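The structure follows.
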Amino acid sequence: MELHDSHAHILRLNIAGHPIEWLTWQEATTLYARELITWTLGDTIRKIHGGTSRMTGEQSCIELHSIVACAGELHHGQPKKPALSNRILFRRDQNLCMYCGKEFMDKDLSCDHIIPTSRGGSNTWVNVVAACRRCNHFKQDRTPEEAHMELLALPYEPNPAEYLALVNSKRIRADQMEFLKSQFSKNCRLQ
Ligand SMILES: [Zn+2]
């Protein structure tokens, strides 16, 4: 087995070219072997050598590409709704407190509900921002207007391409990022 990029994940698309999920190379190999991959993009990141055919004497070889598209029926054909989590929220807001604008480590950030949940605010992407403990503590269960605090950027729900970029931010390949970026919305502050 030849290694090219052993840590890279493979970006799976549905047949329409919408990004769905990250696969390990093992998962992608299974899809290749079952001939479920319809088309590919990006570089070859691994070559997997299989058995030798008794008929022809040729050794089979699977080339794993960094982006693969599969027919819709299998697994989940539609992009999932991005689950709200602190980790992804802090990535979305680039580890900045959305009130004071300073940069913080994850452990020093918290999830602020713009309209507090105690006042009927929802626990959704469009009602939460990253906030440092100091700002969150100062705001308490008030709206930004009541607390005379201004949001530095409007919260948004990441679309599937943005979500996949946020989830895998450390290990994403340039060709995958290029592809995802073409589907980023204008809200998105990712580079
Ligand atoms: Zn702050």
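Run Pro160 past the list (1) touching a strand residue (DSSP E or B) at 6+ places or on another chain (Cβ under 6 Å); (2) within 15 Å of the ligand (Cβ to nearest atom) and report the number of the one that doesn't hold.
For Pro160, the failing item is (2).
Would a scan of region 65-73 turn up a residue that is within 16 Å of the ligand (Cβ to nearest atom), in contact with a helix residue (DSSP H, G or I) (Cβ under 8 Å, 6 or more places away or on another chain) and in contact (Cβ under 8 Å) with a residue 12 or more places away in the chain?
Keep residues of region 65-73 that are within 16 Å of the ligand (Cβ to nearest atom), which gives none.
Scanning region 65-73 turns up no residue that is within 16 Å of the ligand (Cβ to nearest atom), in contact with a helix residue (DSSP H, G or I) (Cβ under 8 Å, 6 or more places away or on another chain) and in contact (Cβ under 8 Å) with a residue 12 or more places away in the chain.
Are any of the residues in region 7-16 touching a Lys or Arg at 6+ places or on another chain (Cβ under 9 Å) and exposed (fewer than 12 other Cβ atoms within 10 Å of the Cβ)?
Yes - at least one qualifying residue is present in region 7-16.
Considering region 115-156 alone, what residues qualify as being in a loop (DSSP other than H, G, I, E, B), under 26 Å from the mean Cα position of the chain (by Cα) and not hydrophobic (A, V, I, L, M, F, W, C)?
Gly121, Ser122, Asn123, Thr124, Pro155, Tyr156
Among the residues of region 156-176, is there at least one that is acidic (Asp, Glu), over 25 Å from Gly101 (Cβ atoms) and touching a Ser or Thr at 6+ places or on another chain (Cβ under 6 Å)?
At the first step, the residues of region 156-176 found to be acidic (Asp, Glu) are 157, 162, 175.
Then drop every residue that is not over 25 Å from Gly101 (Cβ atoms), which leaves 175.
From the residues that got through so far, the ones that are touching a Ser or Thr at 6+ places or on another chain (Cβ under 6 Å) too are 175.
Yes, there is a match, as at least one residue in region 156-176 is acidic (Asp, Glu), over 25 Å from Gly101 (Cβ atoms) and touching a Ser or Thr at 6+ places or on another chain (Cβ under 6 Å).
Within region 16-51, restricting attention to residues that are in a loop (DSSP other than H, G, I, E, B) and either aromatic (Phe, Trp, Tyr) or within 19 Å of the chain's Cα centre (by Cα) (or both), which residue is modelled with the lowest pLDDT? Break it down stepwise before answering.
Within region 16-51, the first condition is being in a loop (DSSP other than H, G, I, E, B), and the residues that meet it are 16-18, 24, 34-36.
Applying the additional criterion that residues be either aromatic (Phe, Trp, Tyr) or within 19 Å of the chain's Cα centre (by Cα) (or both) yields 16-18, 24.
On the way: Ala16: 86, Gly17: 90, His18: 90, Thr24: 92.
Applying the filter and picking the extreme gives Ala16.
Condition first: in a strand (DSSP E or B) and more than 10 Å from the ligand (Cβ to nearest atom). Now tell me which residues in region 104-114 satisfy that. Steps first, answer last, please.
Applying the first criterion (in a strand (DSSP E or B)) to region 104-114 yields 109-113.
Within region 104-114, Cys111, His113 qualify.
Consider Gln176 carefully, then state whether it is in a loop (DSSP other than H, G, I, E, B), within 20 Å of the chain's Cα centre (by Cα) and in contact (Cβ under 8 Å) with a residue 60 or more places away in the chain. Spell out how you get there, then give the answer.
Details: in a loop (DSSP other than H, G, I, E, B): no; within 20 Å of the chain's Cα centre (by Cα): yes; in contact (Cβ under 8 Å) with a residue 60 or more places away in the chain: yes.
No.
List every residue pair whose Cβ atoms sit under 8 Å apart, with the two residues 6 or more apart in sequence or on different chains, where the first one lies in region 98-110 and is more than 15 Å from Phe138 (Cα to Cα) and the second, anywhere, is more than 10 Å from the ligand (Cβ to nearest atom) and not charged (D, E, K, R).
Listed by first residue and then by second, the contacts come to Glu103/Gln94; Glu103/Asn95; Phe104/Asn95; Met105/Asn95; Asp106/Asn86; Asp106/Phe90; Asp106/Asn95.
All but one of (1) under 20 Å from Ser185 (Cβ atoms); (2) away from the ligand (no atom under 14 Å from the Cβ) hold for Thr117; which doesn't?
(1)
The values are calculated or read from the model by the stated rules, or taken from the named source; none is laboratory data. All values derive from a computational prediction rather than experimental measurement. Positions of Cβ are generated from backbone atoms using ideal geometry, with glycine treated the same way; all protein chains shown enter the neighbour counts.
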